[in-house]
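Here's the structure, in structure tokens; my notes come after.
The values are calculated or read from the model by the stated rules, or taken from the named source; none is laboratory data. Please read these numbers as outputs of a predicted model, since none were measured by experiment. Virtual Cβ from ideal backbone geometry, glycine too; neighbours counted across all protein chains shown.
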Amino acid sequence: MSATRQRLGLQDMMFLYGETPQTMMHVGGLLPFTPPADAPPDYLRRMLDDARDREVFAPWNRKLSQPSMLRSPVQSWVVDEKFDLDYHVRRSALASPGDERELGILVSRLHSNQLDFSRPPWELHLIEGLEGGRFAIYVKIHHALVDGYSGMRILARSLSPDPDSRDNPLFFNMPTPKRGGSSHADGGSGGGISGLAKTLADGTRSVFDLTKSAVNTQLGRDNLTGSAEAPHSILNSRISRNRRFATQQYSRAELSEIAHAHGATLNDVALAIIGGGLRTFLGNMGELPDKPLVAFVPVNVRAKGDEGGGNAVGAILVPIGTDIDDPVQRLARIRTATTASKSEMQTLSRNAILAYSAGLMAPAGIQVASAFTGVDSPWPYSFNLCVSNVPGPTETLYMNGSRLEATYPVSIPMHGMALNITLQSYADTVNFGFIGCRDTLPHLQRLATDTGAALAELAEATAARKE
């Protein structure tokens with residue numbers, strides 16, 4: 001295949017199959033910045049002028065080979081010979097001084113519009129007019145082009161830990177590093193006859209392990225959550241194209257301290273406070289199911305050091321304790337579920353994890369179809385919402401002297417899943433991005449506030465246990 005043409009993988013194609021005017025398969029990020037004290041009045045204009053003078057590298061200069069046939073089985077990425085940077089990079093401004101609510105409303109509106117598939121499917125908006133002379137970047141990228149894990153790796157390379165650095169190009173002006181040696185995304189298997197034999201042996205073992213794991217999960221053995229345990233809820237409604245976005249930022253040290261006190265992970269704590277927040281939020285709406293809501297939790301299976309585009313994501317299902325009032329008991333239930341799922345995955349190869357995840361999620365097609373048609377299915381659902389955790393930079397970063405304050409993810413709602421929550425670690429913080437259907441969940445900021453209250457309750461209960 002030509003170096004300028006790259007066939008889409010199966011997971012990448014699935015995001016194209018799912019693209020409709022209501023279920024748009026782009027992900028995004030909101031990055032607020034504080035400019036340096038010596039920033040000139042035309043600081044952002046100079047940055048864009050510099051970007052225009054530089055080369056745009058793959059995958060940012062690639063478009064679909066057949067944009068008019070989005071679901072073509074032979075879809076490929078090809079270089080856009082008429083690439084127009086001014087179309088992809090745009091300046092916007094809030095009525096100064098813009099506050100966080102107004103910024104959230106603008107991002108909600110921008111995220112509600114489809115990308116143009118006749119061009120490389122991404123946009124970047126420079127948003128000026130924030131309080132204190134601050135600005136923000138909102139970027140959206142189709143999930144078929146780059147997944148969240150790759151996006152964070154690329155972002156980290158385009159920023160600098162040096163506040164005095166002024167020559168860092170924007171991410172689309174940077175080439176993606178090539179993987180060294182003979183390593184591959186699947187970990188490699190060596191060359192020649194010995195490599196082929198190892199591949200065949202691994203494949204045979206994976207089939208056995210995959211079958212065993214699938215049976216254990218669907219039968220609910222060993223505290224595993226199967227594909228038919230989620231209750232019907234308002235979160236599984238048909239959605240519109242309109243989005244609502246909200247954010248929260250927490251101390252990573254606080255979340256980690258709580259996790260350590262309970263023998264849990266930071267992600268377990270995040271799921272627990274989301275469960276507590278949803279218990280309050282849906283309870284106030286009169287929409288809280290008796291059974292616990294189940295979160296679909298993506299798991300990155302990309303090989304270490306792989307920064308390429310595309311997708312390599314597995315999944316587990318986790319009950320998030322919305323039926324439990326006590327925050328410590330809720331966390332304990334979540335810890336038990338995630339530990340069981342991770343233990344099961346550790347027995348599988350990368351490819352087996354992908355197959356296992358596909359089998360686990362396959363019944364979700366029923367809930368998506370029923371939400372799309374508006375007919376309530378009598379069958380149990382697989383999940384109610386998606387909760388992702390994308391690791392981010394561990395140190396404070398700067399973009400040509402501007403301090404990055406936070407990284408808020410903006411993800412994908414869909415028919416049958418009107419709420420998607422992604423958290424992203426950055427420096428000493430954990431940043432939550434809540435994205436939902438505006439018509440189903442019109443006051444999403446209240447959920448962000450309720451999640452903060454759930455964290456306070458869990459912290460208080462944890463402190464009480466130590467006394």
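When you scan segment 420-430, do you find a residue that is assigned by TED's automatic domain parsing to the domain that holds Q248 and at pLDDT below 90, even just one? Within segment 420-430, none of the residues are assigned by TED's automatic domain parsing to the domain that holds Q248 and at pLDDT below 90.
The set of residues from segment 162-191 being under 28 Å from the mean Cα position of the chain (by Cα), loosely packed, with under 13 Cβ neighbours inside 10 Å and at pLDDT 85 or above comprises D162, P175.
Check segment 442-462 and report whether any residue there is within 30 Å of G416 (Cα to Cα), assigned by TED's automatic domain parsing to the domain that holds I239 and in a strand (DSSP E or B). No, segment 442-462 contains no residue that is within 30 Å of G416 (Cα to Cα), assigned by TED's automatic domain parsing to the domain that holds I239 and in a strand (DSSP E or B). The strands (runs of 3 or more DSSP E) found entirely in segment 71-178 that carry 3 or more residues being touching a Gly at 6+ places or on another chain (Cβ under 6 Å) and over 21 Å from R5 (Cβ atoms) are 89-98. Once segment 407-419 is narrowed to residues that are of a type in the set (V, I, T) and either outside the structural domain of A272 (by TED's automatic domain parsing) or assigned to a loop (DSSP other than H, G, I, E, B) (or both), the residue that is farthest from the chain's Cα centre (by Cα) is T407. The set of residues in segment 115-131 that are farther than 15 Å from F245 by Cβ and surrounded by 15 or more Cβ atoms within 10 Å (Cβ to Cβ) comprises L115, F117, R119, P120, P121, W122, E123, L124, L126, E128, G129, L130. Checked against (1) surrounded by 14 or more Cβ atoms within 10 Å (Cβ to Cβ); (2) part of a loop (DSSP other than H, G, I, E, B); (3) not hydrophobic (A, V, I, L, M, F, W, C), P40 meets all criteria but (1). V410 falls short on exactly one of the conditions (1) surrounded by 18 or more Cβ atoms within 10 Å (Cβ to Cβ); (2) closer than 30 Å to A58 by Cβ; (3) touching a Pro at 6+ places or on another chain (Cβ under 9 Å); (4) modelled with pLDDT of 90 or more, and that condition is (3). The residue that is surrounded by the most Cβ atoms within 10 Å (Cβ to Cβ), counting only those in segment 43-55 that are among the basic types (K, R) and assigned to a helix (DSSP H, G or I), is R46. When Y426 is tested against the conditions (1) without any contact (Cβ under 8 Å) to a residue 40 or more places away in the chain; (2) aromatic (F, W, Y); (3) surrounded by fewer than 24 Cβ atoms within 10 Å (Cβ to Cβ), the lone failure is (3).
What about T265, is it touching a residue at least 12 places away in the same chain (Cβ under 8 Å), crowded, with 19+ Cβ neighbours inside 10 Å and over 30 Å from D439 (Cα atoms)?
On the way: touching a residue at least 12 places away in the same chain (Cβ under 8 Å): yes; crowded, with 19+ Cβ neighbours inside 10 Å: yes; over 30 Å from D439 (Cα atoms): yes.
Criteria met by T265.
The listed residues are G310, G305, and the only one of them that is surrounded by fewer than 18 Cβ atoms within 10 Å (Cβ to Cβ) and either at positive phi or modelled with pLDDT of 75 or more (or both) turns out to be G305.
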